[in-house]
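Shown next, in structure tokens, is the structure this report addresses.
Laboratory data are not the source of any read-out in this text; all were calculated from the coordinates shown. Just so it is clear, the model here is predicted, and its values are computed rather than measured. All Cβ positions, even for glycine, are placed from backbone atoms using ideal geometry, and neighbour counts span all protein chains on display.
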Amino acid sequence: MENGIGPISAPPAGNKPRGMGILFQIAALVFAFPAVVWGVIVVWSTAFPPICGDSSGVVTLGVVGCWIVDLPIGLLVLAICVFVKNGAARLRKIGIGTSLVTLSLPIIASIISQTWHCP
């Protein structure tokens, strides 16, 4: 029917997940996992600090380290999961959620550090 007058219909080209997009999303989640673990450890150690005077600034150093580690990794994971359009939709949702958790941990640690400081 190539000689017909009507338009030729082609099957819709769906947005199938491709290998490189999925690979980038998985790599982002692999980078995010240690950052989330580090952030949870810092939040925990900030929420339950040792006896005043024993920590000698280690809690504050942990909060600064949490900002240094979690902020770039959280932004990287968020950028990968938002801008990689040909990856899996499920991995995109997991990556965005993980990046939001990663980005919120330094903020939570800072708030706890400001409210629970030693006199």
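Can you tell me the FRET efficiency between Lys85 and Ile5 if r is taken as the Cβ-Cβ distance and R0 is 41 Å, rounded to the nearest 0.05? Could you put the intermediate results ahead of the total?
Working: r = 36 Å, r/R0 = 0.89.
For R0 = 41 Å, the calculated efficiency reads 0.65.
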If Lys and Arg each add +1 and Asp and Glu each add -1, what is the summed charge of the other residues whose beta carbon sits under 10 Å from the beta carbon of Val84?
+3
May I ask you to list the trypsin sites (Lys or Arg not before Pro) in the stretch 54-110 that are in a DSSP loop and have at most 11 other Cβ atoms within 10 Å of their Cβ?
Lys85
Length gained if Ile41 through Ile68 is fully extended, taking 0.36 nm per residue and subtracting the Cα-Cα distance, is 8.3 nm
Going 7 Å from the Cα of Thr115 toward and past its Cβ, which residues in the stretch 28-52 have a backbone nitrogen under 16 Å from where you end up?
43-49
